[in-house]
Amino acid sequence: MSRKSARRKSTPRKSDPSGAGQAKKPTGLTRRKEVREFEADMKLRTLRPDELLHPAQLLARFAERASELIAQLPDDVRPTPATVNAALRQGVLEAFRTRDEHIARLVETDLVASKPDQGAKVIRRAVRASLVDMGVRVVEEADEQELFVVVEGEGEGFELVRPAYVDQATDKLLLAGQLRRIPAPRTLPEQAGTSAVGARGDDAK
């Protein structure tokens with residue numbers, strides 16, 4: 001027997017019945033691919049300059065449509081063009097001011113989420129703080145059942161699946177919450193009596 005053959009026989013390959021050794025671990029190549037796909041998706045989502053909203057363009061568009069509607073009104077109730085333009089201008093500016101405030105909150109949240117080693121709890125709190133600052137009430141208690149829908153389960157108790165979101169300014173329901181029915185918790189009389197006796201015994205000591 002040659003030395004080469006003996007070396008092959010002395011190191012038999014062990015089988016892995018569990019298949020754990022065949023599992024592929026995430027590599028830097030996979031992470032770089034995910035980053036490239038995310039960046040490509042962001043480029044597709046990005047608005048082009050000609051698609052962006054401009055206050056002057058919106059105002060001109062609204063004024064043109066308003067002039068068409070006002071021309072159909074009788075002369076004695078027809079507002080002046082200056083009055084219409086002033087009202088439209090105020091409305092457009094207020095809408096863009098609100099938009100800027102919302103964008104600023106989202107930017108702050110994105111900055112928090114972009115910091116390295118940020119846990120899910122920190123990011124969740126940043127998002128929740130932004131929502132509350134913008135006037136959104138997050139309801140996580142089942143007491144206000146009119147804000148929730150029951151999606152599954154059986155029993156007299158309720159378990160939160162998804163919170164409800166309410167606009168505090170208008171009290172409008174932005175997104176209904178979801179509840180799951182569960183058996184109501186019960187306290188056995190024996191346990192209640194034992195607890196009471198134990199408490200009295202402690203007091204006596």
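The values are calculated or read from the model by the stated rules, or taken from the named source; none is laboratory data. Since this is a predicted model, take the numbers as computed values, not measurements. Note: ideal-geometry Cβ built from the backbone for every residue, glycine included; neighbour counts use all protein chains shown. Accessible surface areas use protein heavy atoms only, side chains included; no ligands, DNA or RNA. Shrake-Rupley method; radii C 1.70, N 1.55, O 1.52, S 1.80 Å.
Could you figure out which of (1) farther than 30 Å from PRO55 by Cβ; (2) open to solvent by 70 Å² or more (accessible area, probe 1.4 Å); (3) in contact (Cβ under 8 Å) with a residue 24 or more places away in the chain isn't true of ALA164? That leaves (2) as the condition not met. Restricted to the range 112-155, and to residues there that are small (Gly, Ala, Ser) and on the phi > 0 side of the Ramachandran plot, the residue that is most open to solvent (accessible area, probe 1.4 Å) is GLY153. Counting only residues that are charged (D, E, K, R) and more than 15 Å from LEU174 (Cα to Cα), the range 129-152 holds 4 of them. When every residue of the range 1-8 is checked against the conditions, at least one turns out to be at pLDDT below 85, open to solvent by less than 70 Å² (accessible area, probe 1.4 Å) and hydrophobic (A, V, I, L, M, F, W, C).
For the range 96-119, a residue qualifies if it is without any contact (Cβ under 8 Å) to a residue 40 or more places away in the chain and in contact with a helix residue (DSSP H, G or I) (Cβ under 8 Å, 6 or more places away or on another chain), and the qualifying residues are ARG105, LEU106, GLU108, THR109, VAL112, ALA113, GLN118. Taking the range 170-191 as the range and being at pLDDT below 90, farther than 13 Å from ALA142 by Cβ, within 43 Å of the chain's Cα centre (by Cα) and surrounded by fewer than 10 Cβ atoms within 10 Å (Cβ to Cβ) as the test, the residues that pass are PRO185, ARG186, THR187, LEU188. Of all residues in the range 80-97, those that are open to solvent by less than 70 Å² (accessible area, probe 1.4 Å) and of a type in the set (S, T, N, Q) total 0.
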